[in-house]
Amino acid sequence: MDIDKIVSELTLPEKASLLIGGDFWHTAAIERLGVPAIMMSDGPHGMRTQLSQGDHVGTGGSEPATCFPTASNLHAAWDPELNRRVGAALAAEADALGVAVVLGPGVNIKRSPLCGRNFEYISEDPYLAGVLGAAMVEGVQSGGIGTSVKHFAANNQETDRLRVNAIVDERTLREIYLPAFERVVKTAQPWTVMCSYNTLNGVRVSENHWLLTEVLRDEWGFEGLVVSDWGAVGDRPAAVAAGLDLEMPPAKGLSDAAVVAAVESGDLPIEAVDACVRRVLELVERGGHVRRQPDSIDLDAHHALAREAAAQGIVLLKNAQVGGEPVLPLRPDARVAVIGEFARTTRFQGGGSSQVNATRVESALDAFADAYPDVDFAPGFLLDGPDDGLLDEAVAAARNADVAVVFLGLTDAEESEGFDRSHMELPAHQLALLYAVVRANPATVVVLSNGSAVTMRPWDADPAAVVEAWLGGQAVGGAVVDVLTGKVNPAGRLCETLPLRLEDSPAYGNFPGDSGSVRYGEGLLVGYRGFDYASKEVAYPFGYGLSYTTFELGGLSVEPSGSAASGDLAVSVGVDVTNVGERAGAEVVQVYVADPEASVLRPKRELRGFAKVFLEPGETRRVEVTLDQRAFSFWSALTRTWVVEGGDFVIEVGPHSRDLQLTETIAVDAPRVAAPIDFNSTAQEWAADAEAMAILRRHCGVPDDVEPGLFADADLMTLIGNFPLERLASAFEIEPSYEHVSAALAEVQAVRGA
């Protein structure tokens, strides 16, 4: 495709039509110039491909496809390579279904456990979300299919999501809500980035030039296309000017006409239109090879991969002893009672636009029947409420079994795209069943089916084991049984903190906002950052997960290289991991960085690296994790850049955020971070700036070892040192004189190019 030639031959109305898409799922075609249409489709965890109109919001009219684990489960594996494999399988299915761009992954931060769409998002931690999101993009795009990283940005709730004004300070944006997108863009160059619905600090994201052009393209080097979320565009000419290339779905006759009118009136430069048109054509050229061939998919292999992935993402939260042995894994000869409707009616995905028309669904009950032919099943409750007869039946089954496995969870009515939850509790009738079963049989195992965090206390004290299966895709039933029976040793780790109660969540009181706005008042202290900073007890910490074997960490080494001044600071962290148990298994080594000497508020620790290692019994392996300069940096509100402060940093290594067994402190040399000296700088800020003070002393005519006027009086500096020096000199007539301060300020700014 000769893009330059096509652009030169397109009429203005044709250009405008290319920028709004052809229909709900396709770009616009320009047949006279040989420009084909390509198809996009929802697909964070499976293809929701609607060849006809369908219902656009659910599975109605969707082609059958493998439903892989949702983000809540898949990413709990902490396994980038697994993400790449699942991504490659998604690409194969997209290609077979004629889809050129998969609309995913979602890397928005799990700011609150109440967000209805948390099942589609990776983590409360931006580093983890970025690494795993990039791996998913790499996997999909390795198959010649594009991705659309979403929802960019500060779109962390469903309440009023199309309009809400997210009020977020720049440092919080830079350190929490943008880094995952930044890492994905810089690491994997997704074909597209999807802008979110919301407003950000008073500017609609689809019209936000700072976000879509200055940050995304100019700073991060994004080379692809920006597409709107479906229905996110209000003012199409303003969106074009901001750098939003493609509006979906098309508001035909409205958005295209507005673009034409804006160009003709001179309000919208044709150069801005052409830039967007070029990016649309580049995307079409990239995806033009895709041809529908549905029979090319190996659905059996993909189902097997879905089962493997789901098992890896299951998190074992508790495994107490009953009769002197851990209740899990289940003995092959055990009499097992399977209890709970979720064992039969599998909840394997979330509600809303990501729903997949699964090729098959494997229930836990069916998988149990294969492993234990005499398994006893009792539904225990109805999905929409209690049933006393079913409860009594379940208690009887539990009493006659060696082990009772109780399946609890949330329904689509309780969590879904489109609304946020109002609480974190499991349904009361399910907990009543659990308590009754435990009284009948203390060897009770709970298996959870939920996309978002639920409150665990006090009920998790009663069962012997708790297994978090999340929403694990169409094969999650078999995956659960694989883990319970020990066929798979659980290796999942929590991507989000499970709090004791909702009120402990750092965003509590600031979520979901009201009156059209939501204030991110907790700032940087999201997830474990907030819990750790406030020293709050949690039910299960970030990064936590048990195994059927035991690991030991030792031999920590920390080797810095490069320098902060040159921008190539790096720290190599090495640790020996030994499987001291009797089963093969996987450990996730997590590396955190703490900056105890920071001059600004910083979290107590932040995840900056991790590595997953599989070990046979008795095996030891050396794990190496490299931390780059960003691992030690914060976004300075003073300089509006990433900076490293010189001083001591603590490297902490362990199996989760609250079990950091190995630590080492390193000294980092870095240029001093100082507030720029201007007319509003305080006396204390002058005093902290050696270069500025040297200039001031010279203008005051005092030696380098003499503090002029105010600066020599410690008591006075304590009292009024936080006043702007220029104001002290002019209004209060305090030495140094106004003339001296003015002259020194002019020289400082001249030297620094201010």
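For the pair residue 254 and residue 672, what calculated FRET efficiency results from E = 1/(1 + (r/R0)^6), where r is the Cβ-Cβ distance and R0 = 45 Å, to the nearest 0.05?
0.25
Packing here is the average count of other Cβ atoms within 10 Å per residue, and on that basis the peptides 609-622, 488-501, highest first, run 488-501, 609-622. Taking 0.36 nm per residue of separation and subtracting the current Cα-Cα distance, fully stretching the chain between residue 271 and residue 712 would add 152.8 nm.
Amide H contacts for residue 335 (H built 1.01 Å from N in the peptide plane; partners 5 or more residues away or on another chain; cut-off under 5 Å): 402, 403. Among DSSP beta bridges whose residues both lie in the stretch 100-215, state the antiparallel percentage, nearest 5. Counting DSSP beta bridges with both partners in the stretch 100-215, the antiparallel share is about 20 percent.
For the pair residue 400 and residue 580 in one chain, pulling the backbone fully straight at 0.36 nm per residue adds 61.2 nm over the alpha carbon distance. Taken about its Cα centre, the stretch 551-668 carries a charge dipole of about 440 debye when Lys and Arg each add +1 at the Cβ and Asp and Glu each add -1 at the Cβ. If you take all C-alpha pairs in the chain, what percent of them are over 40 Å apart? Counting every Cα pair in the chain, those more than 40 Å apart make up 40 percent. Here the extension length gained between residue 201 and residue 384 equals 61.8 nm, from 0.36 nm per residue of separation less the Cα-Cα distance.
In order along the stretch 73-81, the phi-based Karplus estimate (6.51 cos²θ - 1.76 cosθ + 1.60, θ = phi - 60°) of 3J(HN,Hα) comes to 8, 4, 7, 5, 6, 6, 9, x, 5 Hz; Gly and Pro are listed as x. Ranked by the mean number of other Cβ atoms within 10 Å per residue, highest first, peptides 252-264, 577-589, 230-242 order as 230-242, 577-589, 252-264.
Label-to-label distance for residue 731 and residue 704 is 3.5 nm, based on points extended 7 Å past Cα in the beta-carbon direction. May I ask you to derive the FRET efficiency for residue 600 and residue 321 from their Cβ-Cβ distance with R0 = 45 Å, giving the value to the nearest 0.05? Once rounded, the FRET efficiency stands at 0.45. For the peptides 638-647, 674-683, the ranking by packing is 674-683, 638-647, with the highest mean count of neighbouring Cβ atoms within 10 Å listed first. Projecting the Cα atoms of 10, 391, 76 onto the charge dipole of the chain, computed from C-beta unit charges around the Cα centre, puts 391 farthest toward the positive end. I need the trypsin sites (Lys or Arg not before Pro) found in the stretch 345-399, filtered to DSSP loop residues with at most 13 other beta carbons within 10 Å of theirs. For trypsin sites (Lys or Arg not before Pro) across the stretch 345-399 that sit outside H, G, I, E and B with at most 13 neighbouring Cβ atoms in 10 Å, the list reads 360. Listed by Cβ neighbour count within 10 Å, with the fewest neighbours leading, 47, 194, 39 appear as 39, 194, 47.
Which of the trypsin sites (Lys or Arg not before Pro) across the stretch 286-343 are loop residues per DSSP, with 11 or fewer other Cβ within 10 Å?
291
Does anything in the stretch 732-749 have its amide N under 12 Å from the 7 Å Cα→Cβ label point of residue 679, and if so which residues? Backbone N within reach: 742, 746.
What's the lysine pair count for the chain at a Cα cut-off below 17 Å, pairs eight or more apart or interchain?
Value for the chain: 5.
On the beta carbon distance between residue 412 and residue 621, with R0 = 60 Å, the FRET formula returns roughly 0.90.
Amide H contacts under 5 Å for residue 195: 152, 227, 228, 229, restricted to partners 5 or more places along the chain or on a different chain, H placed in the peptide plane at 1.01 Å from N.
For the stretch 478-549 versus the stretch 131-188, the inter-centroid distance based on Cα atoms is 19 Å.
Read the figures in this text as sums done on the coordinates, not as results from a lab. Remember, it's a predicted structure, so these values are computed and weren't measured experimentally. Cβ sites come from the backbone with ideal geometry, for glycine too, and all protein chains shown count toward neighbours.
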